Amino acid sequence: LCSWLRANEKFDDIVCLCNILRLLTLLLSQEKANESIAVQKGLLSSCTELLHAHGRRDIALASTCLEVLAMLSVVENSDSILNRLGAVPLIIELLKVHQEQSGFVG
């Protein structure tokens, strides 16, 4: 799933993307080793790219991407990857954009 998502970051079916990300959160939560594999497969990069592409328009996708990023942020060296990707400034920007939306910050 991580490889498919990485190859299809420009995919426009938001419902499908959300479902894939939700499935990944379930898989990630089952075993700690899955988180490291997901980072190696580029899931941090994919989620950040999806936030860039769709985060301002779609609150459900933004929320799901943030959930994945939060889960993976505890993986060793993920902080340097997130920093390189510019994920933190992007997240802060999206929080400001969606601060009036309910359900964005839970």
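Filtered by the rule that a residue be over 15 Å from PRO89 (Cβ atoms) and modelled with pLDDT under 90, segment 43-57 gives a lone residue, ARG57.
Looking only at segment 7-45, count every residue that is among the charged types (D, E, K, R) and over 18 Å from MET71 (Cα atoms) and tell me the total. Reasoning before the result, please.
Step one: list which residues in segment 7-45 are among the charged types (D, E, K, R), which gives 9-10, 12-13, 22, 31-32, 35, 41.
Keeping just the survivors that are over 18 Å from MET71 (Cα atoms) gives 9-10, 12-13.
Here the count works out to 4.
Criterion first (open to solvent by less than 70 Å² (accessible area, probe 1.4 Å) and not in a helix (DSSP H, G or I)) does GLU9 satisfy it? In short, yes.
Filter segment 26-42 for residues that are more than 18 Å from VAL88 (Cα to Cα) and in contact (Cβ under 8 Å) with a residue 24 or more places away in the chain; which is surrounded by the fewest Cβ atoms within 10 Å (Cβ to Cβ)?
This residue is SER29.
What's the number of the condition LEU23 fails, among (1) surrounded by 15 or more Cβ atoms within 10 Å (Cβ to Cβ); (2) in contact with a Leu (Cβ under 9 Å, 6 or more places away or on another chain); (3) not in a loop (DSSP other than H, G, I, E, B)? Evaluating LEU23 over (1) surrounded by 15 or more Cβ atoms within 10 Å (Cβ to Cβ); (2) in contact with a Leu (Cβ under 9 Å, 6 or more places away or on another chain); (3) not in a loop (DSSP other than H, G, I, E, B) leaves (1) as the failure.
The values are calculated or read from the model by the stated rules, or taken from the named source; none is laboratory data. Note that the structure is predicted; figures quoted are calculated from it, not measured. Every residue, glycine as well, gets a Cβ built from its backbone with ideal geometry; the counts of neighbours run over all protein chains shown. For accessibility, only protein heavy atoms count, side chains too; no ligands or nucleic acids. Shrake-Rupley method; radii C 1.70, N 1.55, O 1.52, S 1.80 Å.
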